[in-house]
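Reading through the structure tokens given below for one structure.
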Amino acid sequence: MSEIKRIDVRGLSCPQPVLCVKKELEDGNIKTLEVVVDTGTSRENIKRFATNLGYKVEIKEEGDDKTLIKIER
């Protein structure tokens with residue numbers, strides 16, 4: 001089982017970032033998924049999606065156009 005996986009969805013338009021997260025979470029082999037986003041819309045949509053599925057979500061702003069979302073089981 002993989003412990004941590006990081007994906008970068010910067011530059012993708014909604015709903016693509018959420019679909020990428022969904023695909024990774026459905027894989028089931030990831031304990032922690034880190035997602036790099038560049039828009040507030042992507043950040044909020046991914047947070048809402050993962051929270052609704054029961055995942056713990058942490059958000060860390062890393063600059064004006066870079067946010068790291070940590071999703072854990």
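The values are calculated or read from the model by the stated rules, or taken from the named source; none is laboratory data. Here the structure is a predicted model, which means the values were calculated and not measured. Using ideal geometry, Cβ is built from the backbone for each residue, glycine included, and neighbour counts are taken over all protein chains shown. In case anyone asks, the SASA skips ligands and DNA or RNA and just uses the protein heavy atoms, side chains included. Shrake-Rupley method; radii C 1.70, N 1.55, O 1.52, S 1.80 Å.
Points worth noting:
- Hey, residue 38 in contact with a Gly (Cβ under 9 Å, 6 or more places away or on another chain) and acidic (Asp, Glu) or not: yes
- Scanning the range 20-49 for residues that are touching a helix residue (DSSP H, G or I) at 6+ places or on another chain (Cβ under 8 Å) and over 13 Å from residue 7 (Cβ atoms) yields 45, 49.
- Residue within the range 20-38 that is touching a residue at least 24 places away in the same chain (Cβ under 8 Å) and small (Gly, Ala, Ser) present: no
- Elements of type strands (runs of 3 or more DSSP E) contained in the range 15-73, each with 3 or more residues being open to solvent by less than 60 Å² (accessible area, probe 1.4 Å): 30-37, 67-72
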